[in-house]
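Worksheet: the structure to be examined is printed underneath.
What follows is calculated from the coordinates using simple rules that are stated; it is not laboratory data. What you see is a predicted model; the values in this text were computed from it and never measured. Cβ sites come from the backbone with ideal geometry, for glycine too, and all protein chains shown count toward neighbours.
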Amino acid sequence: MDSTPSHGAEPRIAAARGEALPVDPHFPPAERVPQRRQVSPQGGAARRRARPRLLWGRLARVVVRRRDVLAVIAVGGALGSLGRWGVAEALPHRPGAFAWSTFVVNVSGCFLIGLLMVFVVEVWPPSRYLRAFVGVGVLGGYTTFSTYMLDTRSMLVSGATGAAGAYVLGSIGAGFAAVWVAILVGRSIVTISRRRRGRRRERIREASSASLDRPARARGAGQLTAAETGGRTRPGRLRRSDRAPRRMP
């Protein structure tokens, strides 16, 4: 009796022994099932460690490539922070009370950013430093979200729950309204200025066309046709044959 295992039993025996399954030579390469690539734990850990390095490398390249923009943002942020400090000194409040200085700073900052975006997007030509200086630098340093949250926490700790709720909701609502009003005001200013420029151009065009037509009308009024002058050679002069005879004394 033949003890050689059948063709279908070979893969089961190999799988039971833990050996790699043989590739059937009768199947073309396109029909063979590709084996999954096993990733070692050491390789995955190495890739995870390499990700922060890649991020830091990209950040370093961006900083080097845009160092001029970062310098402009830093200057604008310093100016905006000084402005916020000035408002805080002008409107002081005790701990736990309604923070009017932070409220005014955030709402006015929302109005200014809305007004700025109208002119930056719809009116002014593209600039590398304008939006970075005013929008990111000055207004970013002028407004504050961290102080807004800290003031809210101080009100809650001191027991002024109603004031804290009014402060949180009032800041959000007033900020949204300030942005909306700023966009409307900015577009109204742009529309009015464009209409004025258009009217000024029309007046200049009419004045220039009138100044060009005035000499032509003067020449046309001074030069009469021969039929109108009775055969005169020049305007205002008669030929000798048309002149009245002189009276002899």
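Which of Ile113, Ile204 comes first, and how do the rest follow, when ranked by fewest Cβ neighbours within 10 Å?
Listed from fewest to most nearby Cβ atoms, that is Ile204, Ile113.
May I ask you to sort Thr102, Thr161, Thr152, Thr143 by Cβ crowding, counting other Cβ atoms within 10 Å and putting the fewest first?
Arranged by neighbour count, lowest to highest, Thr102, Thr161, Thr152, Thr143 become Thr161, Thr152, Thr143, Thr102.
Spelling out what I want: for every residue of the range 123-129, take phi, set θ = phi - 60°, compute 6.51 cos²θ - 1.76 cosθ + 1.60 (Karplus), and round to whole Hz; glycine and proline get x.
10, 6, x, x, 9, 6, 10
Which of rounded, prolate, oblate describes the range 55-205, given a ≥ b ≥ c as roots of the alpha-carbon gyration tensor eigenvalues and a/c under 1.5 marking rounded, otherwise prolate only if a/b is larger than b/c?
Oblate.
What list do you get for Leu54, Leu139, Leu156 if you sort them by fewest beta carbons within 10 Å?
Neighbour counts put them in this order, fewest first: Leu54, Leu156, Leu139.
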